[in-house]
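Visitor: Below are the structure tokens for one structure; questions will follow.
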Amino acid sequence: IVRAEDEKAAAETRYRGLVEQLPMMTYVTSCENPPATLYVSPQAEQLIGYSVEEWLEGGGAFIDALVHPDDLEAFLEERVRSRTTGAAFSLSYRLLARDRRVVWVLDESHEVVDPDGKPLFCQGFLVDITERKQLEEQLRQSQKMEAIGQLAGGIAHDFNNMLTAISGYAELLGYSFDAGDPRLEDIAELKRAAAHAASLTRQLLAFSRKELLLAKRLDPNAIVHELETMLRRTIGEQIELMIELEPELAAVEADPDQLAQVILNMALNARDAMPTGGRLTISTANVDVGPDLPDGAQRVAIRVADTGTGMDEETCGRIFEPFFTTKEPGKGTGLGLATAYGVVSQSGGTIEVESVPGQGSTFCVLLPRAPALSNRVAA
Ligand SMILES: Nc1ncnc2c1ncn2[C@@H]1O[C@H](COP(=O)(O)OP(=O)(O)OP(=O)(O)O)[C@@H](O)[C@H]1O
Ligand SMILES: [Mg+2]
């Protein structure tokens, strides 16, 4: 008997070691609703910052209080469904960690029954799938932008042809009037409208990456510096402008006029987000995206940060769409960031956005470093 007990203890140690090494949290609960927590593995603390003791003391509804409010209904429904049908519980949802982080988890559990089919307890696991969710979201976002890009590019292309015809015929029509004819002013008006439409079309083409940029080697600091005087004049006195340039900034390859437009639009967006004043900071930096990555992974960051209204998640998800604007009619076309997106992706870069409603936003343009000059001479 003693040997059998020893073996049982050894087996338990073995399994406990195994379970506590899994890259997920495992748990056992009762089969009631809400369930009583019988066991939680120590990975709980890594997952969302609450210790095993807190979890056990918290009782059956401990986790319910941590489920993201938007997911709570689905969570409770899934529990009722699995309890009433005896089927496995399986759901992805968000938990709020102790430090208020949002953690996406996959939660799966099933009932363990005795030989007569009577449920004994439930066992399951919680695994952190935050990274996967983020990658899915990025993929979804880039597919959306790709589709919008194709649509916008196609329309813009046809539009451009028609606008060329409109301004061409307007020009011709002008020749059939004598100089000084008052109707010439109407024709000029026609041409102005066509030119304006053509400039919008060009921005759409830039967004859909169909327009060729004149990329050359340049110093982003010089561009920011050139914009500075103009910005000080346009943003008004209520907004404090801070410029923080990295003195050893690496060069990038981009179209200087387009890059200036990108920065300018971000600065103007920042101004518009601070109607009662605030601080606008434009800064540059060299960033290493990852220590193990090849040379090309080194990037140059141009950041435009404001202390303005910020954006909620829904707005944030749409800002790069052409014609998405929250500004009054006549104030914004919604093409600023769409153009920026096109220009930056065509230069091999990305734009990252962080925003907290009520606190402000930071837009960060990341561009690949231009290859070292010495390499070029050698090549
Ligand atoms: N710094 C910011 N703070 C808050 N919201 C912003 C900020 N930057 C952009 N947005 C939001 O993104 C939307 C789209 O910006 P975008 O620059 O593309 O267009 P716009 O500024 O509205 O018009 P346009 O630039 O064509 O004149 C804005 O209407 C605003 O809602
Ligand atoms: Mg804008």
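The values are calculated or read from the model by the stated rules, or taken from the named source; none is laboratory data. In this text, all values refer to a predicted model and were calculated from it rather than measured experimentally. A quick note on method: Cβ atoms are made from the backbone with ideal geometry, for glycine too, and the neighbour counts reach across all protein chains shown. We work out accessible area using only protein heavy atoms, side chains counted, and drop any ligands, DNA or RNA first. Shrake-Rupley method; radii C 1.70, N 1.55, O 1.52, S 1.80 Å.
Visitor: Within the range 228-264, can you find the residues that are within 16 Å of ligand 1 (Cβ to nearest atom) and of a type outside the set (A, V, I, L, M, F, W, C)?
Guide: T234, G236, Q238, E240, Q258, Q261
Visitor: Right, here's the next one. Hey, among the residues in the range 265-296 that are open to solvent by 20 Å² or more (accessible area, probe 1.4 Å) and at pLDDT below 90, which one's nearest to ligand 1 (Cβ to nearest atom)?
Guide: V289
Visitor: Here's a follow-up. What is the number of the single condition among (1) under 27 Å from R202 (Cα atoms); (2) crowded, with 16+ Cβ neighbours inside 10 Å that E352 does not meet?
Guide: Result: E352 fails condition (2) only.
Visitor: Considering each of F324, F320, F363 in turn, give the residue that is within 14 Å of ligand 2 (Cβ to nearest atom), within 26 Å of E248 (Cβ to Cβ) and surrounded by 14 or more Cβ atoms within 10 Å (Cβ to Cβ). Please lay out each step first, then the result.
Guide: Working: F324 fails: within 26 Å of E248 (Cβ to Cβ); F320 fails: within 26 Å of E248 (Cβ to Cβ).
When all the criteria are applied, what remains is F363.
Visitor: Right, D178: assigned by TED's automatic domain parsing to the domain that holds A44, loosely packed, with under 12 Cβ neighbours inside 10 Å and out of contact with any Leu (no Cβ under 7 Å at 6 or more places or on another chain) or not?
Guide: For D178, the condition - assigned by TED's automatic domain parsing to the domain that holds A44, loosely packed, with under 12 Cβ neighbours inside 10 Å and out of contact with any Leu (no Cβ under 7 Å at 6 or more places or on another chain) - is not met.
Visitor: Mind checking whether some residue in the range 48-55 is under 20 Å from S92 (Cα atoms), free of Cβ contacts under 8 Å to residues at least 40 places away in the same chain and hydroxyl-bearing (S, T, Y)?
Guide: no
Visitor: For the range 248-356, give me every one of the helices (runs of 4 or more DSSP H) that falls completely inside it and has 3 or more residues that are closer than 26 Å to H196 by Cα and out of contact with any Gly (no Cβ under 7 Å at 6 or more places or on another chain).
Guide: Those helices (runs of 4 or more DSSP H) span 256-272, 336-346.
Visitor: Only one of these is without any contact (Cβ under 8 Å) to a residue 24 or more places away in the chain, hydrophobic (A, V, I, L, M, F, W, C) and either in the same structural domain as Q298 (by TED's automatic domain parsing) or within 19 Å of A370 (Cα to Cα) (or both): A267, A222, A273. Name it. Steps first, answer last, please.
Guide: Numbers: A267 fails: without any contact (Cβ under 8 Å) to a residue 24 or more places away in the chain; A273 fails: without any contact (Cβ under 8 Å) to a residue 24 or more places away in the chain.
Step by step, each of A267, A222, A273 is checked, and only A222 is without any contact (Cβ under 8 Å) to a residue 24 or more places away in the chain, hydrophobic (A, V, I, L, M, F, W, C) and either in the same structural domain as Q298 (by TED's automatic domain parsing) or within 19 Å of A370 (Cα to Cα) (or both).
To keep it simple, each residue is scored yes or no on (1) at negative phi; (2) of a type in the set (D, E); (3) in contact with a Phe, Trp or Tyr (Cβ under 8 Å, 6 or more places away or on another chain).
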site: G60; (1), (2), (3): yes, no, no
site: E77; (1), (2), (3): yes, yes, no
site: T85; (1), (2), (3): yes, no, no
site: D99; (1), (2), (3): yes, yes, no
site: V113; (1), (2), (3): yes, no, no
site: G117; (1), (2), (3): no, no, no
site: I129; (1), (2), (3): yes, no, yes
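Visitor: Do you know which of the residues in the range 127-175 that are under 30 Å from H110 (Cα atoms) and assigned to a helix (DSSP H, G or I) is least open to solvent (accessible area, probe 1.4 Å)?
Guide: T130
Visitor: More than 16 Å from ligand 2 (Cβ to nearest atom) and either more than 16 Å from V304 (Cβ to Cβ) or open to solvent by less than 20 Å² (accessible area, probe 1.4 Å) (or both), is that true of E237?
Guide: Numbers: more than 16 Å from ligand 2 (Cβ to nearest atom): yes; either more than 16 Å from V304 (Cβ to Cβ) or open to solvent by less than 20 Å² (accessible area, probe 1.4 Å) (or both): yes.
So E237 passes the test.
Visitor: Does at least one position in the range 272-290 carry a residue that is more than 17 Å from the chain's Cα centre (by Cα) and within 13 Å of ligand 2 (Cβ to nearest atom)?
Guide: Yes; the residues of the range 272-290 include at least one that is more than 17 Å from the chain's Cα centre (by Cα) and within 13 Å of ligand 2 (Cβ to nearest atom).
Visitor: Still on this structure, I have one more. Is it the case, given these coordinates, that A254 is modelled with pLDDT under 95 and open to solvent by 60 Å² or more (accessible area, probe 1.4 Å)?
Guide: Judged against the criteria, A254 is not a match.
Visitor: Still on this structure: Exposed (fewer than 15 other Cβ atoms within 10 Å of the Cβ), closer than 17 Å to Q261 by Cβ and of a type in the set (D, E, K, R): is that true of E189 in this structure?
Guide: Working: exposed (fewer than 15 other Cβ atoms within 10 Å of the Cβ): yes; closer than 17 Å to Q261 by Cβ: no; of a type in the set (D, E, K, R): yes.
So E189 does not fit the description; no.
Visitor: Could I ask something else about it? Tell me which residues, restricted to the range 241-256, are β-branched (V, I, T) and either within 23 Å of S345 (Cα to Cα) or not assigned by TED's automatic domain parsing to the domain that holds L227 (or both).
Guide: Taking the range 241-256 first, the residues β-branched (V, I, T) are 243, 252.
Scanning the range 241-256 gives a single hit, V252.
Visitor: Now for a different question. Scan the range 50-78 for residues that are closer than 15 Å to W104 by Cβ and among the small types (G, A, S) and jot them down.
Guide: Scanning the range 50-78 gives a single hit, A74.
Visitor: Look at G124 and say whether it is closer than 30 Å to G342 by Cα, of a type outside the set (D, E) and open to solvent by less than 40 Å² (accessible area, probe 1.4 Å). Before the answer, list the steps.
Guide: Numbers: closer than 30 Å to G342 by Cα: no; of a type outside the set (D, E): yes; open to solvent by less than 40 Å² (accessible area, probe 1.4 Å): yes.
So G124 does not fit the description; no.
Visitor: How do the pairs read when you match residues in the range 330-355 that are closer than 18 Å to P368 by Cα with residues anywhere that are within 13 Å of ligand 2 (Cβ to nearest atom) and polar (S, T, N, Q), using Cβ under 7 Å and keeping only pairs 6 or more apart or on different chains?
Guide: A340/N265; V353/S361
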